[in-house]
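All remarks here apply to the structure that follows.
The values are calculated or read from the model by the stated rules, or taken from the named source; none is laboratory data. Fair warning: this is a prediction, and the values are worked out from it, not measured in the lab. No Cβ is skipped: glycine too gets one built from the backbone with ideal geometry, and neighbour counts run over all protein chains shown. When the accessible area is computed, the model is the full protein with side chains, heavy atoms only, and any ligands, DNA or RNA have been set aside. Shrake-Rupley method; radii C 1.70, N 1.55, O 1.52, S 1.80 Å.
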Amino acid sequence: MMKQLATAFLVILLTGCMTDTTGTTYSSGEARRIQQVSFGTISELQYVKIEGTEGAVGTIAGAAIGGIAGSTVGGGRGSDIAAVLGGVAGGVLGSMTEKELTGQQGIEMTIRLDSGSYISVVQEANPNAPLQIGDKVKILTQGNTTRVVRAY
C-alpha cells in the first residue's frame, strides 16, 4: 500500500514539472517578442523521443518517500539504517521516474525552405495539430528557440 501511495505522489508531483514543447505553446517570457519568420514545405518526418529531465524534484521526493518507508522496518539502529538505505534507493528511483515521466514524443522535421535550402527542427509532436510530409509550414525563430507550425 505504501509503495502505491508513494508512486502516485511522485507521479502527481512530477506531472506539474512537465513543459509543453509543441510549436503552439509559448512561455510568458516569449510573448510580445519579435520572431524571424521563414516558410517552407516538410520533406521528411521522423518520430523521435525527447529525453526527460533528471532534476532535484524526483530525487528529493523519492528519497523522502524511501526514507519514510525504510524507517518502518525493524526498530532502533536497524530502523535508522533501513531509513538511510530507503532514502538512497528512493532518491535513485525518484530520479529515474522523473526522467521517464518527463520524456516526450517528438518529431524531427526536414523542411525545404522557400529559398531552396534545407533545415531540420525537432519539437514535441502535437496530436491536436499533426504535421505531415508536404505540409506548408511557418518556421518561427526567436533567439535559440525555433518552432514549426502549419502555414495557413
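Pick from GLY70, GLY78, GLY62: which is over 21 Å from SER27 (Cα atoms), open to solvent by 30 Å² or more (accessible area, probe 1.4 Å) and either modelled with pLDDT under 90 or within 24 Å of the chain's Cα centre (by Cα) (or both)?
Sole residue among the options that is over 21 Å from SER27 (Cα atoms), open to solvent by 30 Å² or more (accessible area, probe 1.4 Å) and either modelled with pLDDT under 90 or within 24 Å of the chain's Cα centre (by Cα) (or both): GLY78.
Would you pick out the residues in the stretch 107-149 that are in a strand (DSSP E or B), without any contact (Cβ under 8 Å) to a residue 60 or more places away in the chain and open to solvent by 70 Å² or more (accessible area, probe 1.4 Å)?
Answer for the stretch 107-149, where residues must be in a strand (DSSP E or B), without any contact (Cβ under 8 Å) to a residue 60 or more places away in the chain and open to solvent by 70 Å² or more (accessible area, probe 1.4 Å): just SER120.
Could you identify the single residue in GLY116, GLY103 that is modelled with pLDDT under 70 and either within 19 Å of the chain's Cα centre (by Cα) or more than 26 Å from GLU30 (Cα to Cα) (or both)?
Every option except GLY103 fails the conditions.
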